Structure formats: C-alpha cells, structure tokens
1. May I ask you to verify whether residue 220 is loosely packed, with under 15 Cβ neighbours inside 10 Å, charged (D, E, K, R), within 23 Å of residue 330 (Cβ to Cβ) and under 21 Å from the mean Cα position of the chain (by Cα)?
2. Using the structure shown, decide if residue 301 is in contact (Cβ under 8 Å) with a residue 12 or more places away in the chain, in a helix (DSSP H, G or I), surrounded by fewer than 19 Cβ atoms within 10 Å (Cβ to Cβ) and under 21 Å from the mean Cα position of the chain (by Cα).
3. Does any residue of segment 261-269 turn out to be touching a residue at least 24 places away in the same chain (Cβ under 8 Å) and either outside any loop (DSSP other than H, G, I, E, B) or closer than 23 Å to residue 407 by Cα (or both)?
4. Can you go through 182, 117, 197 and tell me which one is in the same structural domain as residue 270 (by TED's automatic domain parsing) and either under 30 Å from residue 288 (Cβ atoms) or assigned to a helix (DSSP H, G or I) (or both)?
5. Please find, among 173, 144, the residue that is within 27 Å of residue 291 (Cβ to Cβ), among the hydrophobic types (A, V, I, L, M, F, W, C) and out of contact with any Gly (no Cβ under 9 Å at 6 or more places or on another chain).
6. Among the residues of segment 136-152, are any crowded, with 21+ Cβ neighbours inside 10 Å and under 19 Å from residue 320 (Cβ atoms)?
7. Quick check on segment 190-198. Is at least one of its residues modelled with pLDDT under 90 and at positive phi?
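The values are calculated or read from the model by the stated rules, or taken from the named source; none is laboratory data. Keep in mind it's a predicted model, so treat the numbers as computed, not measured. Here the Cβ positions follow ideal geometry from the backbone for every residue, glycine too, while neighbour counts run over all protein chains shown.
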Amino acid sequence: MDVIERDNKRRRLIVAVACAVASLSKRDVVHGRLPNRTTAEYDRVVKRILTMRDEKPNLFTRMYRLSPSSFDKVLAIIKPQLLPRKKTAKYFVPPLIKLCLGLRVLAGGSYLDLSFGYDVPHSTVHFYAWQALHAIDQSTDPFLDNIKSPTRATEEEREKLEHGFAELSNFKLRGTVAAGDGVVFRMQMPTVEEVEGDVTSYFTRKGYYAFGLQAFCDSKCRFVMISSKLCSSTNDNTTYIVTQLSKDIKAGKLPSKYHVVLDEAYPCTDQEMSPWKGRNLSVEKDACNYYLSLNRQVIERAFGLLVQRWGIFWRPLRLSMLHRGVAVRVACRLHNICVDDFGLRRMRPVGSGCIPGFEHETDHQHGDSPPGIIAWTDGTAIRAGYRSDLEQCNHRDMWTNSIKQLGLTRPNYSKFSKKLVENN
C-alpha cells in the first residue's frame, strides 16, 4: 500500500513540474535562447528595411550590393522556396529577411551583428542565410541563371559579344567572344572528410589553402562561364581542359570565326588565343601581345570587381566545401546583375574617340577559316614536354601579320593612364 501511495505521489509531482515548466517562457527554460517570433513581430524589421529601400536607396545598395529594383526581382523569384511548407505556420522568418541575411553574409557581415540587427537568434543566422543563397544558386530563372557560355548562345548573342571586344581595339582585331583565366580564393584548411583525405591538393603554390575557379567573361566583365571541377593546386591549363567550354570548342560548337583569349599558361589554337612567349620579341609580335591583352584584361577586372564587391572573399573562407561552391557561384550570378545595373567606371579614350596607336583604317575581318592543327615548328618531339610557345597558330599568325601591315606598335603608355587624361 505504501508503494502504491508513493508512486501516485511521484506521478503528481511529475505532473506539477511539467505544468510549471509549460507556463514558463522559452527564455526561462533555455538560458540565452530567444522565443519564437511571429510574422507580426518581424513586421518592425521588415518595415525598417523597406523604409531604407524607399528613402535611402544609396545606403540600401551599399548594404545589400543590389539596386532596390534588382533586390525586388530576386526576392520575387526565390520567395516560394523561402516560405514554410505549411501555409498555417505561425512562427517563421519572412523571405525578405532571409534574403537580406544571405546578401549580408556574402558582403562579409558577422553573424553576431546580423543576429542583433535582424532580431534573429545567432545560432540560426547562417541557416536562414544559406536558405536564400541556395535558392539563388538553384534558380533557373533567366534573371538569376545569367551565366551563359558563348558555345550555348545564339548567333545574335555571339555577335554582340564579339562587337563588345572589338570596341576595345577600335575594331582592328575581331573575333573574340570571351576572355578567360583562373583565380583562387583563400580558405581555411579543409577537413579530411570534406575532401576524401586529399587535403594537400588544396594547398597552392602561393603558400595557403584556396578554392579554385576557372572563369570567362565578356567585354563588360560579365561572367559567361565558371567552373570549379578540380582542386586549386591544379595548373590553369589542366583546369581549363576539363571545363565544358573547352570541350565544346573541341567539339566544334563554336563557329570557327570566333575565339577566346587566354594568357600564356594556356595552349594556343585557332580558337584559343594566347600571347607570344619569350623576351626580345619582334615589333609585330610584341604589338600583338599588347592588343591581345586589351581583350584579355577584362577577366582580371572582373575578378577585381567580384572580390571588391563581396566581402566574404576579403578573408579566408570559413565554410564547408559545399557552401564554398555555392558562395562563389551566387556571387558570380549577382555580380552580373550588378554590372547590368551599375555598369563599369571605365576610362574612355580622349580626343575623337580613337585610341592612340589605332590611326589606320581597315575593313579587314577574319573569315571562317577551319581550325588549324598544332604543329611543332622546331622539330621538337612531343615526348620532350609541353611547349605552348612552340605551337603554330594560324589565327595568331594572321593577327600578327595584320598588325604588321597596319604599322601598329605597342604605345609608350596605357590607354587607361591618368597621365594621358591630364595632358589633354
């Protein structure tokens, strides 16, 4: 009898404790944890963001990197993926706040500051931010899925790409549709599990661990192809070979009158143009390298704009390997939107619009010559090693001869030099 009475007393005590716990707020139950917010309680944060968008658009752009109109378009596209599955859900963070968190994470914001500014628990800031970033990465809407390779573009789009690069040389050099190069973003050492034990492959020759990216852009510094298939210690040429753009060019999907420009680390073919190597080059070869660099420098500017705009790249990436790829791809997509919105602060040539050194007029345009075959000009055997400087490229030879006939030489100053503007 005593046992039964003791058990009943224990049950009553358990029920009393449970009722007391249920009456407490979640802040009292778990120390330091904020209670769930209803959508109505988030209205204050949403209203503050919308007020800044309407009354201080410049500040809004500085914070989120996008113009108010582009921000609204992005939000409208990914909003269905950020809403809760249950339509009757009482507690959830509005999609607008999730997008703001994602953009601020890309811009380099601290999760502690974001927790304070948006009234979101610090333990869930990155959870909501990456919801928005993954939604942008997976979107197939043309506004967000805006990285389109020249080999997959229409003929009209390719002509537009070519016209943009031709403007850089005052229409003296024709046929370029993209400029490419590789870049690495410093990151913390990956774990053995993330890279299947191959940690050393992500340690670069520059002395740090990095995430590698192979990219091509158009004349306006908009990305048209990005790839991160290989680890960052791989050389640029090998990384380029496995990209879809390289495979498409080899498969003949890019018309023969077009080509891409690269630096000296890449091979030189009729549709993959790289500069002449070596010192003490002839005048026409040196001039060819200069005017080729006018087309190629846009990819370096694109990397500079990308890193300058998104503060997440200002310090080593402290993300999982999955999130690192998403961060880079989303940053490139949003970079293209920003270029469309704000353009580029590019110094224009002085005078009548002609770049010094391009005084000659010509109607010469490259025809549809078939791709050439790589040949060794000095009889070097293939087994002796890869020598891109010994490759014979009909297209590059044609460029060099054209420059020689026009009498063009490397100018003594850059067309972007401040001194050139001051003297005029």
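1. Values: loosely packed, with under 15 Cβ neighbours inside 10 Å: no; charged (D, E, K, R): yes; within 23 Å of residue 330 (Cβ to Cβ): yes; under 21 Å from the mean Cα position of the chain (by Cα): yes.
Here the answer is no, as residue 220 does not meet what is asked.
2. Numbers: in contact (Cβ under 8 Å) with a residue 12 or more places away in the chain: yes; in a helix (DSSP H, G or I): yes; surrounded by fewer than 19 Cβ atoms within 10 Å (Cβ to Cβ): yes; under 21 Å from the mean Cα position of the chain (by Cα): yes.
Taking the combined requirement at face value, the residue satisfies it.
3. At the first step, the residues of segment 261-269 found to be touching a residue at least 24 places away in the same chain (Cβ under 8 Å) are 261-269.
Narrowing further to those that are either outside any loop (DSSP other than H, G, I, E, B) or closer than 23 Å to residue 407 by Cα (or both): 261.
Yes, segment 261-269 has at least one match.
4. None of the others qualify; the one that does is 182.
5. Numbers: 144 fails: within 27 Å of residue 291 (Cβ to Cβ).
The match here is 173.
6. Taking segment 136-152 as the starting set, the residues that turn out to be crowded, with 21+ Cβ neighbours inside 10 Å are 136, 144, 150-151.
Imposing the further condition that a residue be under 19 Å from residue 320 (Cβ atoms) reduces the set to 136.
For segment 136-152, residues crowded, with 21+ Cβ neighbours inside 10 Å and under 19 Å from residue 320 (Cβ atoms): present.
7. So in segment 190-198, the residues modelled with pLDDT under 90 come out as 190-198.
Filter once more, so that each one left must be at positive phi: 196-197.
Checked segment 190-198: at least one residue is modelled with pLDDT under 90 and at positive phi.
Residue-by-condition table, conditions (1) at pLDDT below 90; (2) closer than 30 Å to residue 316 by Cβ:
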{"position": "158", "(1), (2)": "no, no"}
{"position": "176", "(1), (2)": "no, no"}
{"position": "187", "(1), (2)": "no, yes"}
{"position": "200", "(1), (2)": "yes, yes"}
{"position": "223", "(1), (2)": "no, yes"}
{"position": "230", "(1), (2)": "yes, yes"}
{"position": "238", "(1), (2)": "yes, yes"}
{"position": "248", "(1), (2)": "no, no"}
